[in-house]
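Worksheet: one structure, shown below.
The values are calculated or read from the model by the stated rules, or taken from the named source; none is laboratory data. Predicted model only: the values in this text are computed from it and were never measured. Positions of Cβ are generated from backbone atoms using ideal geometry, with glycine treated the same way; all protein chains shown enter the neighbour counts.
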Ligand code: ADP
Ligand code: MG
């Protein structure tokens with residue numbers, strides 16, 4: 001009899017950067033879609049009260065009857081929150097503004113930093129990647145994501161202040177590793193909204209690569225209007241326009257991500 005494929009281990013990646021507008025949510029949606037396209041079973045956890053990952057994946061606000069708020073608050077199970085998306089093998093646990101209140105409620109809980117880690121113990125056994133879309137802050141929600149994750153993936157926008165926040169983020173990762181999650185690593189840094197015609201963009205790339213070396217993925221996500229249009233259609237860019245440069249970049253990023261983990265692609 002043919003030997004069954006080896007079980008694929010679950011990997012939990014947190015998409016984190018305390019700056020807003022750097023491409024965390026766009027990367028959660030589109031890296032998630034690209035990983036699903038190459039055969040992984042992906043769950044996106046929307047941990048931002050803005051809920052942009054949920055919207056971008058086509059989940060109407062009225063359809064978010066159970067959200068990550070209820071799950072983190074212990075009022076519902078993860079399975080109750082998870083909804084399918086239009087992308088095969090990609091599901092999402094959506095968020096609502098209720099998450100804003102959770103920060104305060106959690107502050108008094110003794111396990112406040114490990115709420116998400118405990119929730120993820122209940123993740124469906126067929127899931128092979130969990131991508132956590134963090135809010136633009138190093139708050140307790142982001143700490144929960146870092147405490148639950150195997151690795152952090154940092155989207156960094158190719159702009160002048162790109163490196164400014166990175167040191168602080170790296171210090172936070174160190175602190176979480178020391179106090180909450182010793183196995184936490186940095187999966188990589190992905191440069192987003194790259195514009196080759198812009199000298200500043202090119203200079204930022206050189207600086208970040210000089211500072212972070214091969215932690216920076218070779219794949220850069222270009223600034224691409226199709227990427228920014230897709231969310232208003234409630235679609236990942238890979239469904240909206242597979243051929244555009246943004247979609248192709250996210251597919252390359254997905255193969256770099258699985259390569260870094262020593263995984264063999266599922267689909268030949
Ligand atoms: P964050 O989650 O870090 O706040 P987003 O992913 O929401 O950032 O991106 C911020 C804005 O930039 C959004 O309007 C998004 O559509 C746009 N954007 C992100 N990546 C690209 C890209 N590669 N090309 C063009 N626009 C982009
Ligand atoms: Mg976001």
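Checked against the criterion of being more than 24 Å from residue 36 (Cα to Cα) and part of a loop (DSSP other than H, G, I, E, B), the candidates 124, 137 yield just one match: 137. Scan the stretch 15-35 for residues that are surrounded by fewer than 24 Cβ atoms within 10 Å (Cβ to Cβ), farther than 20 Å from residue 144 by Cα and more than 9 Å from ligand 2 (Cβ to nearest atom) and report the count. Residues that pass the stated criteria total 0. Filtered by the rule that a residue be in a loop (DSSP other than H, G, I, E, B) and surrounded by 19 or more Cβ atoms within 10 Å (Cβ to Cβ), the stretch 78-104 gives 82, 85, 87, 89, 94, 95, 96.
Among the residues that make up the stretch 112-127, is at least one of them within 16 Å of ligand 1 (Cβ to nearest atom), in contact (Cβ under 8 Å) with a residue 60 or more places away in the chain and touching a strand residue (DSSP E or B) at 6+ places or on another chain (Cβ under 8 Å)? So far as the stretch 112-127 goes, no, none of its residues is within 16 Å of ligand 1 (Cβ to nearest atom), in contact (Cβ under 8 Å) with a residue 60 or more places away in the chain and touching a strand residue (DSSP E or B) at 6+ places or on another chain (Cβ under 8 Å). Scanning the stretch 199-231 for residues that are within 15 Å of ligand 1 (Cβ to nearest atom) and modelled with pLDDT under 95 yields 201, 204, 205.
One residue stands out among those in the stretch 173-214 that are part of a strand (DSSP E or B) and within 16 Å of ligand 2 (Cβ to nearest atom): the one that is farthest from residue 116 (Cα to Cα), which is 192. Annotation for the stretch 159-166: at least one member residue is within 14 Å of ligand 1 (Cβ to nearest atom) and either closer than 27 Å to residue 241 by Cβ or at pLDDT 95 or above (or both).
Among the residues making up the stretch 129-145, those that are away from ligand 2 (no atom under 16 Å from the Cβ) and in contact with a strand residue (DSSP E or B) (Cβ under 7 Å, 6 or more places away or on another chain) are 129, 130. Can you confirm whether the stretch 155-172 contains a residue that is touching a residue at least 40 places away in the same chain (Cβ under 8 Å), under 17 Å from residue 13 (Cβ atoms) and part of a strand (DSSP E or B)? Yes, some residue in the stretch 155-172 is touching a residue at least 40 places away in the same chain (Cβ under 8 Å), under 17 Å from residue 13 (Cβ atoms) and part of a strand (DSSP E or B). Taken together, the residues in the stretch 167-198 that are surrounded by 13 or more Cβ atoms within 10 Å (Cβ to Cβ), modelled with pLDDT of 95 or more and over 22 Å from the mean Cα position of the chain (by Cα) amount to 0.
In the stretch 225-246 there is at least one residue matching the filter, namely being within 15 Å of residue 39 (Cα to Cα), crowded, with 16+ Cβ neighbours inside 10 Å, touching a helix residue (DSSP H, G or I) at 6+ places or on another chain (Cβ under 9 Å) and in contact (Cβ under 8 Å) with a residue 24 or more places away in the chain.
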